[in-house]
1. Determine which member of the set A:50, A:21, A:35 is modelled with pLDDT under 95 and surrounded by 14 or more Cβ atoms within 10 Å (Cβ to Cβ).
2. Looking for whichever is crowded, with 18+ Cβ neighbours inside 10 Å, under 21 Å from the mean Cα position of the chain (by Cα), within 19 Å of residue B:203 (Cβ to Cβ) and more than 10 Å from chain A (Cβ to nearest Cβ) here; the options are B:88, B:122, B:127. Which one fits?
3. Please find, among A:13, A:79, A:42, the residue that is within 13 Å of the chain's Cα centre (by Cα), at the interface with chain B (Cβ under 9 Å from one of its Cβ atoms), closer than 24 Å to residue B:96 by Cβ and at pLDDT 95 or above.
4. Within 17 Å of residue B:205 (Cα to Cα) and aliphatic (A, V, I, L, M): is that true of residue B:166 in this structure?
5. From the list B:192, B:176, pick out the single residue that is over 11 Å from the mean Cα position of the chain (by Cα) and assigned by TED's automatic domain parsing to the domain that holds residue B:48.
6. Can you run down the residue pairs with Cβ atoms below 6 Å, 6 or more apart or on separate chains, where the first is in segment B:133-151 and touching a residue at least 60 places away in the same chain (Cβ under 8 Å) and the partner is outside any helix (DSSP H, G or I) and hydroxyl-bearing (Ser, Thr, Tyr)?
7. So which residues in segment B:47-92 are acidic (Asp, Glu) and not in a helix (DSSP H, G or I)?
Amino acid sequence: MIHDATTRAWVTLMVLSGASVLVALTGGASFGGSVAGALILLFAWMKARVILARYLGLWRAPAWLSGFNWVLGLYCMLLLGLFLAPDFIR
Amino acid sequence: MSFPIQVRLFRLCRGSTVGSQEDRLDDKPDNAPVNALETLPGDLIMWVLIVSELLVFGAGLAAFLSVRITDPSGFSLAQARLSPTLAGINTIVLITSGFLAARALNLRLQARRSAARWHLAGAGALGAVFMALKVDEYLEKAGEGISTETHPFFTFYYLLTGFHAAHILAGMVILALVAWKDDPGDMETGTAFWHMVDLVWVLLFPVIYLLG
């Protein structure tokens, strides 16, 4: 168990980055490009949350952290929509 | 005393004023309502920069995926020319660099100045490793005859990763400066810039290298 929040954030970021690459390399074949894309963007959003909260110190300002989380979450959903758009247009 | 308008606006946004002693924030009673901007950690102007950079890169990435709608197979073929593994290694390098920068600030706040400086040096060195891998990637692409004109994918690729790399270079200079003049406030602002570069990369990396 890691007690230091900064180190815990670093380990979380490492795991999420590794998982992103793993999903990109194997996920498309395993469970389709759409699910792989959604997972990759979910991991990106989670990484952004960790950096904002722990490295940029927003854990001390929960209202701001929540605001950033919402906006980044909506933005990642926009990116997912744009990524999936060609499948719906075809 | 006369202050430039930017300073007056900045202080006004922070909830303080440039006026007389009795107007100052320090003289507010303990139960006075707190300005929302005052709850932001660190320097307000750095947060303005962070939001600005997120908007610029965010617009760039949205434009990238919008143009991809017109030619998804072409974008997929172009993306196959990149190495997600190498970009993943660069992500680990940058994340570790951010970790060292965050630890440097913690150490400085504990008055462990020498250790803080070494951590900043490590963060900067990993920034240099990131740049070396990025230059190697660019040289490899140039060797394959890939330029900004090859395909719209590569126009965005060079534009977005190149602009980000420019921020890495600027961040390395800033880390060196705050290691040299190690005022805790300056160090907090300098490392915040580095974390912003980190933050932009964790959004840029999956869109350019992984989504395909």
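The values are calculated or read from the model by the stated rules, or taken from the named source; none is laboratory data. Worth saying up front: this structure is predicted, and the values here are computed from it rather than measured. Positions of Cβ are backbone-derived with ideal geometry, glycine not excepted, and every protein chain shown enters the neighbour counts.
1. Of A:50, A:21, A:35, the one residue that is modelled with pLDDT under 95 and surrounded by 14 or more Cβ atoms within 10 Å (Cβ to Cβ) is A:21.
2. Unique residue meeting the criteria: B:127.
3. The conditions single out A:13.
4. yes
5. The unique qualifying residue is B:176.
6. Once the first residue is touching a residue at least 60 places away in the same chain (Cβ under 8 Å) and sits in segment B:133-151, no partner that is outside any helix (DSSP H, G or I) and hydroxyl-bearing (Ser, Thr, Tyr) comes close enough.
7. B:71
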